[in-house]
Amino acid sequence: STMVHYKLYYFPSRSVAEPVRQMFAYAGIEYEDVRITKEEWLAEWKNKMTFDQVPVLEVDGKQIPQSLAIGRFVAKQYGFYGKTPFEAAWIDAIADQFKDYWVALAPWFYVHMGYAEGDVEAAKAKCAGPARDMLFPHLQKLLKENKSGFLIGDQVSWIDFMIQEHVTVLEEEFPGYLKDYPELFVHAAKIRALPAIKAWIEKRPVSRG
Amino acid sequence: PVSLLAMPSYKLNYFDARGLGEVSRQLFILSGTPYEDNRIPKDQWPALKEKYGFGTLPVLEVDGKQIPQSLAIARYLAKEFGFYGANAFEAAWVDALADQAKDFLSEMRPYFVIAMGMAEGDKDKAKAEIALPAIKKHFDLFEKAAKDNGSNGHFVGSKLSYVDILISEFVFSIDSFMPGSFDAFPTVLAVRAKVTSIPAIKEWIEKRPKTVT
């Protein structure tokens, strides 16, 4: 059979592309991991991408935009979407709740990372607590209730990779932010220890976030 | 044909609004599936919040088991009832356009709160600086997608998908605040025309509760 040719276009960072890279790594799927610098983006790549955005996944030359749509597509193709429609719905719900949380966190996160101007302490005071409350109590409850150690069901799914990547960033950038949610660190360590993920982490390009 | 006894019971919990719950209501209607359209009055919500998964609405109950998050619900129903594209690649594009529509809504929010009197601000300034740029940015993409799909009245493929309904509803809502906002996007308007011409949807639009959003 002819193998599908994948190209994943993103910036030289982990962020919203990383769950896709981890799914490919776990499923043993070859793909071109195209990393575009800011200069290259503006100079030549922006108008090649269908929604003027990255990430984009090219599947045999045809583009799919939007990180979560890409995530769902790859998750469906390679078995990271739960075993039932109900589990898939909960995986979708967590992905969307994560995005809502991210939107709430972003004003603080962007200033902290230097992507935007602003008063980092003021942003933290405004955003940190409310954002956290939107997501982590719910994830903690799911992890407490699910004996498998995964967020949904009894096998690793798309959102395990997504949440693990973000918790890793929080550990690096905001130590103490999740001190009331130790289950999230146990979960992140479990996902990082999966052999294919461990191998990928060891060989992937290093980036801050 | 599935025996009514084998069908799950569905209860959609939301506010008395169209908002992000309407797409799911229309999926039930299009598929001819009975469901309980539970509209929670805003003043009752604080006391009920804890009952619902993520403390937000909408929440779908399927035989009493909850699914939160508006688009997770819509995707679940779209999968069940067949409004999710004809293959995995089409499904990805349906999802991508739905996520882009949600991004559009986020960018419009600062305008909406002013336009609806829920926040201080100059409505005309908000329209010029927030709403019009957001509409142009996102609807250029939706117009292009509809055209690239062959201007056949659908955003993706050759059949109705949930994103046709989703974007049509956003057009309806925003047009009620700013008439004519989408005149520059005729192929998008053609998708809405096709959705609203479906007899079951046309009938629902005429009889559904009239709400501001």
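The values are calculated or read from the model by the stated rules, or taken from the named source; none is laboratory data. These numbers come from a predicted model, not from an experiment. Virtual Cβ from ideal backbone geometry, glycine too; neighbours counted across all protein chains shown. Only protein heavy atoms, including side chains, enter the accessible area calculation; ligands, DNA and RNA are left aside. Shrake-Rupley method; radii C 1.70, N 1.55, O 1.52, S 1.80 Å.
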Quiz item: In the range A:153-209, which helices (runs of 4 or more DSSP H) lie fully inside it and hold 2 or more residues that are in contact with a Pro (Cβ under 6 Å, 6 or more places away or on another chain) and surrounded by 15 or more Cβ atoms within 10 Å (Cβ to Cβ)?
Solution: A:158-173
Practice problem: Could you please find all residues in the range A:53-69 being more than 7 Å from chain B (Cβ to nearest Cβ) and within 20 Å of the chain's Cα centre (by Cα)? | Solution: A:Gln53, A:Val54, A:Pro55, A:Val56, A:Leu57, A:Glu58, A:Gln63, A:Ser67
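Which of the residues that make up the range A:2-19 are hydrophobic (A, V, I, L, M, F, W, C) and surrounded by 15 or more Cβ atoms within 10 Å (Cβ to Cβ)?
Residues satisfying the conditions are A:Leu8, A:Phe11, A:Val16, A:Ala17.
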Exercise. Output yes when any residue across the range A:113-131 is in contact (Cβ under 8 Å) with a residue 40 or more places away in the chain and β-branched (Val, Ile, Thr), and no when none is.
Key: no
Exercise. Select, from A:Trp90, A:Trp108, the only residue that is at pLDDT 95 or above, in the same structural domain as A:His166 (by TED's automatic domain parsing) and either in a helix (DSSP H, G or I) or more than 22 Å from A:Glu171 (Cα to Cα) (or both).
Key: A:Trp90
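Matching residues to (1) within 25 Å of B:Ile29 (Cβ to Cβ); (2) open to solvent by 60 Å² or more (accessible area, probe 1.4 Å); (3) more than 11 Å from chain A (Cβ to nearest Cβ); (4) modelled with pLDDT under 95:
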position	(1), (2), (3), (4)
B:Glu61	yes, no, yes, no
B:Lys65	yes, yes, no, no
B:Ala98	yes, no, no, no
B:Ala101	yes, no, no, no
B:Gly121	no, no, yes, yes
B:Asp124	no, yes, yes, yes
B:Ala145	yes, no, no, no
Exercise. Identify, from the list A:Val4, A:Val16, the residue that is within 14 Å of another protein chain (Cβ to nearest Cβ) and within 25 Å of A:Arg208 (Cβ to Cβ).
Key: A:Val16
Quiz item: Could you give every pair whose Cβ atoms fall below 7 Å, whose first residue belongs to the range B:126-151 and is under 16 Å from B:Ala184 (Cβ atoms), and whose second residue is open to solvent by 50 Å² or more (accessible area, probe 1.4 Å) and of a type outside the set (Val, Ile, Thr), counting only separations of at least 6 or pairs across chains?
Solution: B:Ala134/B:Glu107
Quiz item: Quick check, is B:Arg18 away from chain A (no Cβ under 13 Å) and crowded, with 20+ Cβ neighbours inside 10 Å?
Solution: yes
Quiz item: Quick one: A:Tyr115 ticks every box in (1) assigned to a loop (DSSP other than H, G, I, E, B); (2) not assigned by TED's automatic domain parsing to the domain that holds A:Gln140 bar one, so which box is it?
Solution: (2)
Quiz item: Could you say which residue among B:Phe28, B:Phe112, B:Phe81, B:Phe15 is touching a Ser or Thr at 6+ places or on another chain (Cβ under 6 Å) and farther than 20 Å from A:Ala95 by Cβ?
Solution: B:Phe81
Quiz item: Within the bounds of the range B:83-93, is there any residue that is more than 18 Å from A:Ala69 (Cα to Cα) and either open to solvent by less than 10 Å² (accessible area, probe 1.4 Å) or more than 9 Å from chain A (Cβ to nearest Cβ) (or both)?
Solution: no
Exercise. Please work out if B:Ala131 is modelled with pLDDT of 95 or more, touching a His at 6+ places or on another chain (Cβ under 9 Å) and either surrounded by 15 or more Cβ atoms within 10 Å (Cβ to Cβ) or not aliphatic (A, V, I, L, M) (or both).
Key: no
Quiz item: Mind checking which residues of the range B:36-48 are at pLDDT 95 or above and over 22 Å from B:Ser9 (Cα atoms)?
Solution: B:Pro41, B:Asp43, B:Gln44, B:Trp45, B:Pro46, B:Ala47
